[in-house]
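Written out below as structure tokens is the structure these notes cover.
The values are calculated or read from the model by the stated rules, or taken from the named source; none is laboratory data. Because the structure is a prediction, the values reported are computed rather than measured. Cβ placement follows ideal geometry from the backbone for every residue including glycine, while neighbour counts extend to all protein chains displayed. With ligands, DNA and RNA removed, areas are computed over all heavy atoms of the protein, side chains included. Shrake-Rupley method; radii C 1.70, N 1.55, O 1.52, S 1.80 Å.
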Amino acid sequence: MKRQDALDYHANGRPGKIAVVPTKPLNNQRDLSLAYSPGVAEPCLEIAANPDDVYKYTAKGNLVAVVTNGTAVLGLGNIGALAGKPVMEGKGNLFKQFADIDVFDLEIGSENPDDVIRFCQLLEPTVGGINLEDIRAPDCFYIEETLRKTMSIPVFHDDQHGTAIISGAALLNALEIVGKPIEDARVVFSGAGAAAISSAEHYVRLGVRRQNITLCDRAGVIYEGRGEMDPYKARFANPSTARTLADALVGADVFVGLSVAGAATKEMIATMAERPIVFALANPVPEIRPDEVHAVRPDAIVATGRSDYPNQVNNVLGFPFIFRGALDARATQVNEEMKMAATRALALLARQEVPESLSALYGLRNVKFGPDYLIPFPFDPRALLWVAPAVAWAAVASGVAKEFIEMEEYRERLEARLGRARGIMRGVINRAVRDPKRVVFPDGEEPKIIRAAQLLVEEGIAQPILLGDRRTIEEHAAGVGISLEEIIIEDPATSPRREQYALQLWKLRQRKGLSHGEAHQLLYNGNYFGSMMVACGDADALLSGVNSHYPETIRPALQVIGAHPKAGLVSGMYMLVFEKHIVFCADTTVNIDPTAEQLAQIGYAASRIVRTFGITPRLAMLSFSNFGSVRHPDAEKVARAVQILRQRDRTLVVDGEMQADTALDEEILRESYPFAALEEPANVLIFPNLSAGNIAYKLLNHLGGATAIGPILVGMRRPVHVLEKGADVQEIVNMAAVAVVDAQERSQPADGTTRAFSTLGADSGYSPRT
């Protein structure tokens, strides 16, 4: 990641990462009189008479203050409150994205801990909870302890407790796997700051004996009689002859790194006890890499803070859901029972069977509890449903809740609060990173493509191949400071593959009127050259169209690669991601006026794509008629398509013909059409013709606030996908990830498992490499 990228991300468009969004209409004089004077006086009077009504009439119950004074910001140190503001905005974003909690980020211009305390105390009427962030030790301990004693809302310092809670879950499960009792485990910490001390204290509550814990700071081992130290470190000053981290690790069962990159060496890890547990949690570079650990201790279980290794200890598994449970229970504090409940909930969740839908979202199979799966994935949507209820119930059981929680009803509320839409694209990218593929870009001279290629390499999503004039590409890259070191450049005009491709293309199209010379000439076109690369196995997928109209992009691919023989039809689909739900739309790009049989094939292919995303498809075949209300050949065509599709896949939930509002409104379905197969709103919309599909998805995208991912080409013989003309860099990266996942699925053994994207519509078991 380049410095300018980060700056542009924060500066472009509306500066910053958060905004205040109204939750009530203000469209006319009546709304104004209700929102402000005179109507606002009524809730004010109710709250004055009964203070608890503030949770009924205001946003306090879903509002958290993220508070810092900037004295310990990330790995940047004491950069001050103002410079720490981008981090606090980011934390607010995470609260909203993962738990639907609103945030005010508040930066305090004082390093005096008493000022921070007084500031937070004065906030109590405004917010339902306070998340302390990036405050140096030992001030953070003093601040949190004081606030917990003097305030009646939850106060939580994530830097202390977040890592403790998540790593505690990993510790419980790792010890279970290696068969070591927790009370016998010897634990060594590299680091003695807020996170390390809090984690050590949490481990003691989990069952680790205090005398079995060794803390090491910059000066070495913290031991009894070492000299002056703050009272928080002193709690772990045990009698010991060890003076260095290397000394302490001899015979240790657990290493917990909360310090700096490279703090531990292979030689140190080699001296640990049998089946050691290594948590190297420094970010972005751990104290020791997993491959270095396994080089000397193949019997070790390893966790890091990184997403590209198994067992990522990420605080996002904790704080959003802890606050969600605390707020919903109206807890007066986050006590030890609630933290313990969060740890045990995460530990238990990791031991549950991982749904195929979740494994598919991450591009994995047969994910099971074990050395490489100690804790849930950071984007596991089940974490909200496990951690928040556990925390809320612990608040009730420990007597700090003002609201009783009925668990089943509460889980239903949580599911309704957050849909799965937020994690879908993250899941696709995570899948791509696990096995990057070669993606060829015919528009290789386009600056946006070059920029996207750099991001694909940096994120490990794909191996990009840029087609075009080498000098032009190099000049564009140099102009914006992009390194082409790991990006392949292929010039169709000078490529040594040209003769081979021309011969292959001529053989393919000679009975379609194409001469050998014409085939040679066509290969100057990047779309033809790129399609031949994919057809001949020199690239795994093609992604094109940023500077050309759709037919210009798709025609070469159809001529060179063509439809899958078992699908017989190519169609286009968009995934529209709204805040809390996803709608898939097909066909939006290819077939102008499909027959009933073709509509059925489009619906069948779309349903299989949706299953690949881990979503159960509910198809609506759309028309201007509701179940025969209008007699017209166009409506009858759609009804016939429903019959064909039901015969082909009797497990599929599909109905029609129906109007769009019927398909998307549960109340209309229930009251007017109780016989419908759809009992919930449809999430896959199949349009009767290209005009309807293309117009509808563009309206939803631009007026409905959806993020459009696509067009995803369905039914191609090999992975080919198209970019919208004018697509921005992030859209290019997203579609490249889709193309990589498509290619991954095709490269897997023909074992009957679900195929992705372009192969969908063909029978399972087909291997495109044969």
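So what are the ³J(HN,Hα) numbers for the range 77-83, from phi and the Karplus equation (6.51, -1.76, 1.60; θ = phi - 60°), rounded to whole Hz, Gly and Pro as x?
Ordered by residue, 3J(HN,Hα) equals x, 7, 9, x, 5, 5, 5 Hz.
Using a 10 angstrom Cβ neighbour count of at most 13 plus a DSSP loop assignment to flag exposed chymotrypsin sites (Phe, Trp or Tyr not before Pro), which longest range of the chain is free of such sites?
That gives 37-403 as the longest site-free run.
Could you sort out which of Lys17/Lys91; Lys60/Lys402; Lys512/Lys725; Lys24/Lys96; Lys96/Lys580; Lys2/Lys448 sit more than 20 Å apart by Cα distance in this structure?
Values: Lys17/Lys91 10 Å; Lys60/Lys402 15 Å; Lys512/Lys725 29 Å; Lys24/Lys96 18 Å; Lys96/Lys580 12 Å; Lys2/Lys448 15 Å.
Going by Cα-Cα distance, Lys512/Lys725 fall outside the 20 Å limit.
Express the carbon and sulfur contribution to the solvent-accessible surface of the chain as a percent, rounded to the nearest whole number, probe 1.4 angstrom.
That fraction is 51 percent.
Tell me the relative contact order for the chain as a rounded percent, counting alpha carbon contacts under 8 Å between residues six or more apart.
The normalised contact order for the chain reaches 9 percent.
Nearest 10 degrees is fine. How inclined is helix 139-150 to the longest principal axis of the chain, computing both from alpha carbons?
80
Give the residue list of GluC sites (Glu not before Pro) in the range 658-728 that are DSSP loop and have at most 14 other beta-carbon atoms within 10 angstrom.
Values: sites: Glu666, Glu667, Glu671, Glu679, Glu724; in loops: Glu679, Glu724.
Here the sparse-neighbourhood loop sites are Glu679.
When only Cα pairs under 8 Å and 6 or more residues apart are kept, what is the percent relative contact order across the range 221-274?
It comes to 32 percent, rounded to a whole number.
Under the rule a/c < 1.5 gives rounded, and otherwise a/b versus b/c splits prolate from oblate, where does the range 465-598 land using the Cα gyration tensor?
Verdict is oblate for the range 465-598.
So with the 1.4 Å probe, I'd like the accessible area per residue for the range 228-370, rounded to whole Å².
Working: 5670 Å² over 143 residues.
Ligands and nucleic acids excluded, the result is 40 Å² per residue.
If you take the square roots of the eigenvalues of the alpha-carbon gyration tensor of the range 12-103 and sort them as a ≥ b ≥ c, do you get rounded (a/c under 1.5), prolate (a/b over b/c) or oblate?
Prolate.
Using θ = phi - 60° and the Karplus relation 6.51 cos²θ - 1.76 cosθ + 1.60, list the HN-Hα couplings for the range 37-43 in order, rounded to whole Hz, with x at every Gly or Pro.
For the range 37-43, the Karplus curve yields 6, x, x, 5, 5, 5, x Hz.
If the label point is 7 Å along Cα→Cβ of Arg148, which residues in the range 39-65 have backbone nitrogen under 19 Å from it?
The answer is 65, whose backbone nitrogens lie closer than 19 Å to the label point.
Between rounded, prolate and oblate, where does the range 586-655 land on the alpha carbon gyration tensor, with a ≥ b ≥ c its root eigenvalues, rounded for a/c under 1.5, else prolate if a/b exceeds b/c?
Since a/c reaches 1.5 and a/b is larger than b/c, the shape of the range 586-655 is classed as prolate.
Can you list which of the GluC sites (Glu not before Pro) found in the range 288-390 are DSSP loop residues with at most 11 other C-beta atoms within 10 Å? Walk me through the numbers before you get to the answer.
Values: sites: Glu292, Glu336, Glu337, Glu353, Glu356; in loops: Glu353.
Here the GluC sites (Glu not before Pro) that fit, given the DSSP loop and packing criteria, are Glu353.
Note down the magnitude of the dipole of the range 268-316 about its Cα centre, charges +1 on Lys and Arg C-beta and -1 on Asp and Glu C-beta and zero elsewhere, to the nearest 20 debye.
Approximately 80 debye in magnitude.
Under 17 Å from the Cα of Lys180, which aspartates and glutamates turn up, not counting those fewer than eight places away in the same chain?
Asp253, Glu274, Asp299
Please compute one quarter of the surface area of the Cα convex hull for the chain and express it in square nanometres.
Result: a mean projected hull area of 37.6 nm².
With loop defined by DSSP as not H, G, I, E or B, and exposure as at most 12 other Cβ atoms within 10 Å, which is the longest segment of the chain clear of exposed trypsin sites (Lys or Arg not before Pro)?
369-630
Need one number: nm distance between label points at Ile695 and Asp5, each 7 Å from Cα along Cα→Cβ, rounded to one decimal.
In this crude spin-label approximation the distance works out to 4.1 nm.
Could you work out how far helix 407-417 tilts from the main Cα principal axis of the chain, as a 0 to 90 degree angle to the nearest 10?
Result, in degrees: 50.
Need the list of aspartates and glutamates near Lys368 for cross-linking: C-alpha distance under 13 angstrom, and skip anything on the same chain fewer than eight residues off.
Glu353, Glu356
So, in nm, how far is label Arg471 from label Lys368 when the simple model puts each one 7 Å beyond its Cα toward the Cβ?
Placing both labels 7 Å beyond Cα along the Cβ direction yields 6.0 nm.
Would you grab the residues whose amide H sits under 5 Å from the one on Thr214? Only those 5+ places off in sequence or on another chain, please, with H modelled 1.01 Å from N.
Distant-sequence amide H within range of Thr214: Val187, Val188, Phe189.
Placing unit charges on C-beta atoms (Lys and Arg positive, Asp and Glu negative, everything else neutral), compute the dipole magnitude of the chain about its Cα centre in debye, rounded to 20.
1660
At a threshold of 8 angstrom on Cα-Cα distance, excluding pairs fewer than six apart, so keeping six or more, what relative contact order does the range 508-603 reach in percent?
Relative contact order, the range 508-603: 18 percent.
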